[in-house]
Ligand code: GLY
């Protein structure tokens with residue numbers, strides 16, 4: 001078992017993060033210990049409930065089942081969660097518990113942040129992506145017809161329980177999409193300001209077979225590394241005013257790919273890997289990284305055999321990047337690799353991108 005915690009200055013909230021592979025019945029006991037005498041509402045993703053509902057001993061009348069898929073991440077569904085919480089007469093002392101992947105954590109987290117202006121929240125991420133990214137750091141939200149995550153809040157959970165047993169049944173594509181975010185951490189490690197030196201590029205390179213075989217000890221360590229890096233960034237910049245932007249490494253291009261393919265053709269992690277390849281090309285063409293570092297990145301990505309995404313028309317990509325919620329009026333912001341595990345921010349105008357990719 002590994003115990004980490006996030007300390008956010010603005011709220012003085014200390015959020016423990018437990019990474020474990022204990023039996024799921026023991027996990028729910030631990031969660032219910034945190035809830036104590038208070039009430040709770042457990043928001044389960046449907047798939048997770050079918051697979052694990054019997055092992056996680058939450059009171060049946062206190063369960064909300066969230067249908068699977070990003071299309072459920074709406075205000076309407078959030079309203080249903082809030083109605084259920086109201087019916088159960090939850091008070092501010094009570095808890096919403098999110099059990100599922102990123103969609104579940106985001107929507108349940110958002111509901112928790114606005115229910116009675118905020119009630120307690122526990123995250124139990126069940127996908128690799130949610131374990132290493134979305135369950136930590138307090139971003140919550142819903143999608144609207146104008147775009148993804150346009151409505152939301154920063155709302156830190158009281159506790160995150162990560163259990164690697166959930167990852168055993170994750171389908172290969174979902175597992176790989178989580179690995180896309182894991183690879184991202186390797187290339188930004190030195191900017192995260194973490195006291196511990198993980199050399200994640202090396203770790204991922206040396207352990208690729210064990211990671212792909214989902215060796216539970218190695219996965220636990222991998223998650224610990226990624227979560228430690230994320231905590232280090234979020235503690236310094238909760239609201240993405242500066243440093244937290246590095247977590248968007250590869251994401252500027254990735255969001256454009258997802259938008260151009262209506263969020264249907266590729267998973268988020270697949271798009272992030274394509275985005276990482278793009279920023280490596282960009283930095284190399286600008287003369288900012290050595291060819292040898294570009295090869296290191298390409299070799300690492302090859303080892304994980306991510307789904308190949310073809311190149312898109314650059315003008316279409318530029319238009320889509322400009323519509324992103326993180327776009328700025330005087331240029332498109334990229335996080336570029338500079339040196340092994342280091343990155344920097346670059347704001348580029350259309351012509352500069354077209355010069356190298358047109
Ligand atoms: N997923 C990026 C962040 O939490 O900032």
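The values are calculated or read from the model by the stated rules, or taken from the named source; none is laboratory data. Model, not experiment: these values are computed from the prediction. All Cβ positions, glycine included, derive from the backbone under ideal geometry; neighbour counts span all protein chains shown.
Of 292, 232, all but one fail to be within 15 Å of the ligand (Cβ to nearest atom), at pLDDT 95 or above and farther than 23 Å from residue 148 by Cβ; the exception is 232. Among the conditions (1) within 15 Å of the ligand (Cβ to nearest atom); (2) within 17 Å of residue 311 (Cβ to Cβ), residue 266 misses just one, which is (1).
Looking at (1) assigned to a loop (DSSP other than H, G, I, E, B); (2) free of Cβ contacts under 8 Å to residues at least 40 places away in the same chain; (3) surrounded by 13 or more Cβ atoms within 10 Å (Cβ to Cβ), can you tell me which one residue 92 breaks? All conditions pass for residue 92, except number (3). Applying the condition of being touching a helix residue (DSSP H, G or I) at 6+ places or on another chain (Cβ under 6 Å) and in a strand (DSSP E or B) to the stretch 334-352 and asking which residue is surrounded by the fewest Cβ atoms within 10 Å (Cβ to Cβ) yields 342. Filtered by the rule that a residue be buried (at least 23 other Cβ atoms within 10 Å of the Cβ) and part of a strand (DSSP E or B), the stretch 125-141 gives 125, 139, 140. Where strands (runs of 3 or more DSSP E) fall wholly inside the stretch 1-79, the ranges with 2 or more residues that are at pLDDT below 95 are 2-8, 13-20. In the stretch 153-160 there is no residue that is modelled with pLDDT of 95 or more, surrounded by 22 or more Cβ atoms within 10 Å (Cβ to Cβ) and assigned to a helix (DSSP H, G or I).
Only one of the numbered conditions (1) away from the ligand (no atom under 16 Å from the Cβ); (2) farther than 22 Å from residue 356 by Cα; (3) part of a helix (DSSP H, G or I) is not met by residue 283, and that is (2).
The residues of the stretch 1-29 that are within 23 Å of residue 115 (Cβ to Cβ) and surrounded by fewer than 17 Cβ atoms within 10 Å (Cβ to Cβ), listed by number, are 10, 11, 12, 13, 14, 16.
With the structure loaded, tell me whether residue 209 is away from the ligand (no atom under 16 Å from the Cβ), modelled with pLDDT of 95 or more and not in a helix (DSSP H, G or I) or whether it fails that test. When the stated conditions are applied, residue 209 does not pass them.
The residue list 202, 191 contains one member that is surrounded by fewer than 17 Cβ atoms within 10 Å (Cβ to Cβ) and part of a helix (DSSP H, G or I), which is 202. Can residue 308 be described as assigned to a loop (DSSP other than H, G, I, E, B), within 23 Å of the chain's Cα centre (by Cα) and without any contact (Cβ under 8 Å) to a residue 24 or more places away in the chain? Judged against the criteria, residue 308 is a match. Residues in the stretch 161-188 that are within 16 Å of the ligand (Cβ to nearest atom) and assigned to a helix (DSSP H, G or I): 177, 178, 179, 180, 181, 182, 183, 184, 185, 186, 187, 188. The residue that is nearest to the ligand (Cβ to nearest atom), counting only those in the stretch 235-263 that are assigned to a loop (DSSP other than H, G, I, E, B), in contact with a helix residue (DSSP H, G or I) (Cβ under 9 Å, 6 or more places away or on another chain) and farther than 30 Å from residue 4 by Cα, is 263. Does residue 214 qualify as being surrounded by fewer than 19 Cβ atoms within 10 Å (Cβ to Cβ), more than 15 Å from the ligand (Cβ to nearest atom) and in a helix (DSSP H, G or I)? So residue 214 fails the test.
Conditions tested, residue by residue: (1) in contact (Cβ under 8 Å) with a residue 60 or more places away in the chain; (2) surrounded by fewer than 22 Cβ atoms within 10 Å (Cβ to Cβ); (3) part of a helix (DSSP H, G or I); (4) on the phi > 0 side of the Ramachandran plot.
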site: 272; (1), (2), (3), (4): yes, no, yes, no
site: 279; (1), (2), (3), (4): no, no, yes, no
site: 289; (1), (2), (3), (4): no, no, no, no
site: 300; (1), (2), (3), (4): yes, yes, yes, no
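A quick yes/no check of all residues on (1) away from the ligand (no atom under 16 Å from the Cβ); (2) crowded, with 24+ Cβ neighbours inside 10 Å:
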position: 74; (1), (2): yes, no
position: 112; (1), (2): yes, yes
position: 123; (1), (2): no, yes
position: 144; (1), (2): yes, no
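Cβ-Cβ distances below 6 Å connect the following pairs, each with a first residue in the stretch 125-147 that is within 27 Å of residue 7 (Cβ to Cβ), a second residue that is at pLDDT below 95 and assigned to a strand (DSSP E or B), and a separation of six or more residues or different chains: 141/149. Taking (1) touching a strand residue (DSSP E or B) at 6+ places or on another chain (Cβ under 9 Å); (2) in a loop (DSSP other than H, G, I, E, B); (3) buried (at least 17 other Cβ atoms within 10 Å of the Cβ) in turn, residue 325 satisfies each apart from (3).
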